Amino acid sequence: MTETKPAFAGPVRPRDSTPDSPTQVGDLARDMRDYIARLGAPWIEGELTEWNVRAVGTFATLRDLSGDAAIRLVVWSSIRARIPADLKTGDRVIVCAKPEYRVQRGELSFVVSSIRHVGLGDLLERLEVLRRQLRSEGLLDPSRKRALPFLPQRIGLITGKGTDAEKDVLRNAQLRWPQVEFRVEHAAVQGEQAVPQLLAALHRLDADPAVDVIIFARGGGDFQDLLTFSDEKLVRAVAAAGTPVVSAIGHENDRPLLDDVADLRASTPTDAAKRVVPDVLEQLAQVREARARIIGRVATRIQHDLTSLEHLRSRPVMRDPHRMLQERQLQVEQLRSRATATASLRIEREHTAMARLHATLRALSPQHTLERGYAIVQRAGDGIVRSPVEAPVGTELVVLLADGTIGARSSGALPE
């Protein structure tokens with residue numbers, strides 16, 4: 001009879017394990033921890049492709065300068081004061097880090113004790129050169145950015161197939177405006193085929209006259225993953241597009257060049273949906289509020305006009321319009337009477353004065369003197385005779401009487 005060997009007969013070292021005598025998870029984990037601990041705290045050179053500062057510490061990714069290898073770094077807050085304060089994604093650094101394997105969670109991390117700058121990373125340096133070139137050409141100028149349509153009838157969406165970014169944009173946009181339409185173009189968002197596929201999707205959507213705005217959506221990623229959206233061909237194509245473009249890469253710490261060239265930068269795909277599509281409930285609320293304000297203002301204006309009309313109607317002239325006419329008629333009659341009396345008095349005075357002047361004139365008139373029997377003697381063709389010596393014997397005379405003129409001849413002076 002064959003004796004059955006128990007599945008576990010005591011601790012088995014990982015290197016001594018067999019299918020019949022497997023080692024335990026804890027034994028393997030502790031062996032890994034002890035082995036990793038013997039590596040010490042080596043100095044490691046690489047490029048920071050992620051740098052997330054938290055309250056308890058900073059969590060970063062250090063990528064190999066010439067390959068795809070990367071390690072996770074942990075910088076506890078207790079040593080933050082001893083490292084450069086200006087560290088950021090893209091920096092090339094030398095790190096002193098001790099690898100630690102956590103048995104309970106099965107995680108490997110490198111706890112940093114020191115970091116030194118080596119120089120600007122090659123990737124970041126190239127991006128900065130391209131950024132300066134684009135800025136000199138005016139492609140980053142805020143004045144060239146176009147305003148998005150208030151309510152796009154159709155939205156073009158460029159994103160990875162089946163990604164959370166695609167779901168976030170579609171779901172949030174349709175929640176805000178259920179009738180909104182999308183034309184989705186799927187493309188790789190990282191890797192060698194990403195740029196050609198993104199360019200092709202952009203050209204198809206830009207050529208569609210029904211598309212009012214285009215969204216690039218990606219659910220974040222580290223610095224290396226986002227390099228696709230800083231490709232010069234892609235950013236220049238976005239700048240040349242005839243349709244407004246929204247960049248929704250979803251990464252706060254790093255800004256791909258697409259964020260700077262696009263007409264609008266959204267912090268996340270969800271934020272892009274909220275900024276491109278208006279909320280139907282908010283719009284309805286605004287319409288109701290505007291309608292209530294209009295009704296209120298019209299009612300206030302009507303009430304104000306009614307009050308003004310009441311004030312006008314309450315005035316005496318409006319209560320009894322004839323009263324003012326009667327008062328004015330009485331005033332006119334009084335003025336006319338005064339004017340008639342004044343004119344009559346003035347005429348009478350002038351008549352009296354004229355009579356006096358007429359009497360005075362008549363009393364002084366030579367004709368009046370002639371009418372009393374006097375006559376005026378003149379030499380024929382000469383002046384008035386005032387003395388007998390002026391009319392010697394034989395002088396032809398003209399005698400002017402009250403009713404006519406007679407001729408005479410002087411016989412000289414008569415004796416007295």
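The values are calculated or read from the model by the stated rules, or taken from the named source; none is laboratory data. For clarity, every value in this text was computed on a predicted model and none was experimentally measured. All Cβ positions, even for glycine, are placed from backbone atoms using ideal geometry, and neighbour counts span all protein chains on display.
Observations on the model:
- Filtered by the rule that a residue be free of Cβ contacts under 8 Å to residues at least 12 places away in the same chain and either assigned to a loop (DSSP other than H, G, I, E, B) or under 18 Å from Gly412 (Cβ atoms) (or both), segment 375-389 gives Gly381, Asp382, Gly383, Arg386, Ser387.
- Selection status of Thr243, outside the structural domain of Asp91 (by TED's automatic domain parsing), among the hydroxyl-bearing types (Ser, Thr, Tyr) and in a loop (DSSP other than H, G, I, E, B): yes
- Strands (runs of 3 or more DSSP E) fully within segment 23-135 that include at least 2 residues being of a type in the set (Gly, Ala, Ser): 57-63, 107-120.
- Residue within segment 65-75 that is under 30 Å from Gly26 (Cβ atoms), loosely packed, with under 14 Cβ neighbours inside 10 Å and charged (D, E, K, R) present: no
- Selection status of Arg379, among the basic types (Lys, Arg) and surrounded by 10 or more Cβ atoms within 10 Å (Cβ to Cβ): yes
- Considering only residues in segment 127-162 that are more than 20 Å from Asp260 (Cβ to Cβ) and basic (Lys, Arg), the one that is modelled with the highest pLDDT turns out to be Arg154.
- Only listed residue being in contact with a strand residue (DSSP E or B) (Cβ under 6 Å, 6 or more places away or on another chain) and in contact (Cβ under 8 Å) with a residue 12 or more places away in the chain, chosen from Ile79, Ile36: Ile36
- Hits in segment 253-305 - residues which are among the polar types (S, T, N, Q), free of Cβ contacts under 8 Å to residues at least 60 places away in the same chain and either part of a helix (DSSP H, G or I) or farther than 23 Å from Arg171 by Cα (or both): Gln283, Gln286, Thr300, Gln303
- Restricting Ala363, Ala343, Ala355, Ala408 to those that are exposed (fewer than 10 other Cβ atoms within 10 Å of the Cβ), hydrophobic (A, V, I, L, M, F, W, C) and either modelled with pLDDT of 80 or more or not in a strand (DSSP E or B) (or both) reduces the list to Ala363.
- Residues in segment 39-76 that are free of Cβ contacts under 8 Å to residues at least 60 places away in the same chain and in contact with a helix residue (DSSP H, G or I) (Cβ under 8 Å, 6 or more places away or on another chain): Ala55, Val56, Gly57, Thr58, Leu65.
- Filtered residues of segment 34-48 (kept if under 17 Å from Thr61 (Cα atoms) and among the charged types (D, E, K, R)): Glu45, Glu47
- Looking at Leu309, Leu226, Leu325, just one residue is on the phi < 0 side of the Ramachandran plot and modelled with pLDDT of 85 or more, and that residue is Leu309.
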